[in-house]
Amino acid sequence: MFDLDETDRLLATTRSVRRRLDLERPVEREVLLDCIRLAVQAPTGGNAQTWRWLIVDDPDTKAQLGELYQRMAGRYLGSYRRDAMSDQTTRVLDSADFLAEVLGQVPAMVIPCIRGRLADTSPVSAASFYGSIIPAVWSFQLALRSRGLGTCFTTLHLAHETEAAELLGVPDDVTQVCLLPVAYTKGDEFSPAERGPVERITYFDRWKGRWDR
């Protein structure tokens, strides 16, 4: 049996970390490899294991990826700002803006990839394609959290995927799935996010089927 309290705490406090990434403390490659060793225990479609993990810690390369990310971030994040926003949404957007400014300075970036391209965009094909690596990405993020590191799932550099592929030498038949900035966190105390009651968003047997019937 697992220690449920600790397991639940890990699951409930693995946040998207942006402002609290420690940009000064190096991240050891062996720590990243340990986390990937755990990540690849995740299930994958057809047991194909077509994932590839690209770690970037060269300062010049990180800076160039940061520029690609920031080029899209200004347009994308700005489109979400409204006059009437909740405090929580404002905080999230402010932290996302902060990350865009400092992304090129993070100690390491990890870019999970899949061999192949998604030619068929049917629901089954798309779910199978990305579902073959997203569980591993989440396992990687949990493994980071358990070791005192943080990250967040970002995709804005994919607006310039071709340029990123040229920079990193990624072959044409490989798909970049996301970019994970990785750093030790400033402090280790993270709280569960505010979420509404699950009974309001969970249905049984059919759409909007009540749980208590």
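Does residue 63 meet the test of being closer than 30 Å to residue 172 by Cβ, in contact with a helix residue (DSSP H, G or I) (Cβ under 7 Å, 6 or more places away or on another chain), among the small types (Gly, Ala, Ser) and outside any helix (DSSP H, G or I)? Walk me through it before giving the result.
Details: closer than 30 Å to residue 172 by Cβ: yes; in contact with a helix residue (DSSP H, G or I) (Cβ under 7 Å, 6 or more places away or on another chain): yes; among the small types (Gly, Ala, Ser): yes; outside any helix (DSSP H, G or I): no.
No: the conditions fail for residue 63.
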Close pairs (6 angstrom Cβ cut-off, 6 or more residues apart or separate chains): more than 29 Å from residue 147 (Cα to Cα) in the range 188-202, hydrophobic (A, V, I, L, M, F, W, C) anywhere:
199/211
Kindly provide the set of residues from the range 102-143 that are polar (S, T, N, Q) and in contact with a helix residue (DSSP H, G or I) (Cβ under 9 Å, 6 or more places away or on another chain), ordered by number.
105, 128, 132, 139, 141
Mind listing just one residue for me: the one in the range 104-146 that is assigned to a loop (DSSP other than H, G, I, E, B) and among the β-branched types (Val, Ile, Thr) and, of those, nearest to residue 64 (Cα to Cα)?
106
Filter the range 147-162 for residues that are assigned to a helix (DSSP H, G or I) and out of contact with any Leu (no Cβ under 6 Å at 6 or more places or on another chain); the one that is surrounded by the most Cβ atoms within 10 Å (Cβ to Cβ) is 156
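Within the range 3-26, which residues are farther than 15 Å from residue 102 by Cβ, in contact (Cβ under 8 Å) with a residue 12 or more places away in the chain and part of a loop (DSSP other than H, G, I, E, B)? Let's see the steps before the verdict.
If we filter the range 3-26 for residues that are farther than 15 Å from residue 102 by Cβ, which is where we start, we get 3-15, 26.
Going one step further and asking which of them are in contact (Cβ under 8 Å) with a residue 12 or more places away in the chain, we end up with 10-15, 26.
If the condition is that a residue be farther than 15 Å from residue 102 by Cβ, in contact (Cβ under 8 Å) with a residue 12 or more places away in the chain and part of a loop (DSSP other than H, G, I, E, B), then 13, 14, 15, 26 are the ones that fit.
Restricting to the range 181-213, and then to whatever is outside any loop (DSSP other than H, G, I, E, B) and out of contact with any helix residue (DSSP H, G or I) (no Cβ under 7 Å at 6 or more places or on another chain), can you tell me which residue is nearest to residue 112 (Cα to Cα)? Steps first, please.
Residues of the range 181-213 outside any loop (DSSP other than H, G, I, E, B): 181-185, 198-200.
Still in the list and also out of contact with any helix residue (DSSP H, G or I) (no Cβ under 7 Å at 6 or more places or on another chain): 183-185, 198-200.
Working: 183: 16, 184: 19, 185: 21, 198: 31, 199: 34, 200: 34 Å.
So the residue we want is 183.
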Might you let me know whether the range 197-211 holds any residue that is surrounded by fewer than 19 Cβ atoms within 10 Å (Cβ to Cβ), under 21 Å from residue 158 (Cα atoms) and acidic (Asp, Glu)?
no
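One line per residue, one yes/no per condition, for (1) surrounded by 14 or more Cβ atoms within 10 Å (Cβ to Cβ); (2) modelled with pLDDT of 95 or more; (3) small (Gly, Ala, Ser):
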| site | (1), (2), (3) |
| --- | --- |
| 1 | no, no, no |
| 41 | no, yes, no |
| 45 | yes, no, yes |
| 71 | yes, no, no |
| 77 | yes, no, no |
| 81 | no, no, no |
| 84 | no, no, yes |
| 95 | yes, no, yes |
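For (1) surrounded by fewer than 21 Cβ atoms within 10 Å (Cβ to Cβ); (2) touching a residue at least 40 places away in the same chain (Cβ under 8 Å); (3) farther than 15 Å from residue 21 by Cα, each residue gets a yes or a no:
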{"residue": "103", "(1), (2), (3)": "no, yes, no"}
{"residue": "116", "(1), (2), (3)": "yes, yes, yes"}
{"residue": "121", "(1), (2), (3)": "yes, no, yes"}
{"residue": "126", "(1), (2), (3)": "yes, no, yes"}
{"residue": "132", "(1), (2), (3)": "no, yes, yes"}
{"residue": "138", "(1), (2), (3)": "yes, yes, yes"}
{"residue": "141", "(1), (2), (3)": "no, yes, no"}
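The values are calculated or read from the model by the stated rules, or taken from the named source; none is laboratory data. As the structure is a computational prediction, the values presented were derived from the model and not from experiment. Every residue, glycine among them, receives a Cβ derived from its backbone with ideal geometry; neighbour counts consider all protein chains shown.
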